[in-house]
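The values are calculated or read from the model by the stated rules, or taken from the named source; none is laboratory data. Remember, predicted model here, so these are calculated numbers, not experimental data. For neighbour counting, all protein chains shown are included, and Cβ atoms are generated from backbone atoms with ideal geometry for every residue, glycine included.
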Amino acid sequence: MTKIVQRRCKYCQIIYAHKLSGSRTMGRKYSTNEDYCLECYEIMQTALKERGIVKREKVWEKTDEITYEELLREQAEQREKRKGTMISILTRMCVPLMNNEMTQEVISDRVEIDRKEYSYSFRRDIKTKKLTTEIEIHVAMEKDLIENKIIGYWRDI
Ligand SMILES: [Zn+2]
């Protein structure tokens, strides 16, 4: 499940909820930054972008270079390898949709393969587990904001 910890923002000094893992949270917004709250981080990002200081951006592009089944297989292998350790990078989340009378849930996760970051997401009926949307697979790409184009896969250094 998604891990949330409390942190104190280095700018405004409020205590905020920091989301450790990458999966998306429907409805509630958490800061994914470990130093700054959501509001400060957004202000900072906007200011940096407006001044042309931010040069690259991680963008999620739809892809068909890998299938959902392949992602699940890889995920299972990675989980197996990590067994017995306390480290869990990947999380799975099922979030019931409040605005849909709790009949649907969102399944979404990220998988890293060969240093490429993939994500999948879909919705399904809570009771029947039948899919109500297509499975969407995205891959993290690096966008050059100056040239306004994708220049390759995103790599975390
Ligand atoms: Zn703040």
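Quick notes on this structure:
- The residue list Tyr36, Tyr41 contains one member that is in a loop (DSSP other than H, G, I, E, B), modelled with pLDDT of 80 or more and within 16 Å of the ligand (Cβ to nearest atom), which is Tyr36.
- Odd one out for Ile137, checked against (1) farther than 20 Å from Ile4 by Cα; (2) at pLDDT below 85; (3) crowded, with 18+ Cβ neighbours inside 10 Å: (2)
- Pairs meeting the criteria (first residue in segment 113-129 and closer than 11 Å to Ile66 by Cα, second residue modelled with pLDDT of 90 or more and among the acidic types (Asp, Glu), beta carbons under 8 Å, at least 6 apart or on different chains) are Ile113/Glu74; Tyr118/Glu112; Tyr120/Glu136.
- Within segment 46-66, the set of residues being part of a helix (DSSP H, G or I) and of a type in the set (Asp, Glu) comprises just one member, Glu50.
- Considering (1) modelled with pLDDT under 85; (2) within 16 Å of the chain's Cα centre (by Cα), the lone condition that Leu97 does not fulfil carries the number (2).
- In segment 75-90, the residues that are polar (S, T, N, Q) reach residues that are modelled with pLDDT of 65 or more with C-beta atoms within less than 9 angstrom, at least six apart or across chains, in these pairs: Gln75/Asp109; Gln75/Val111; Gln78/Val111; Gln78/Glu112; Gln78/Ile113; Ser88/Lys3; Ser88/Arg79; Ser88/Arg82.
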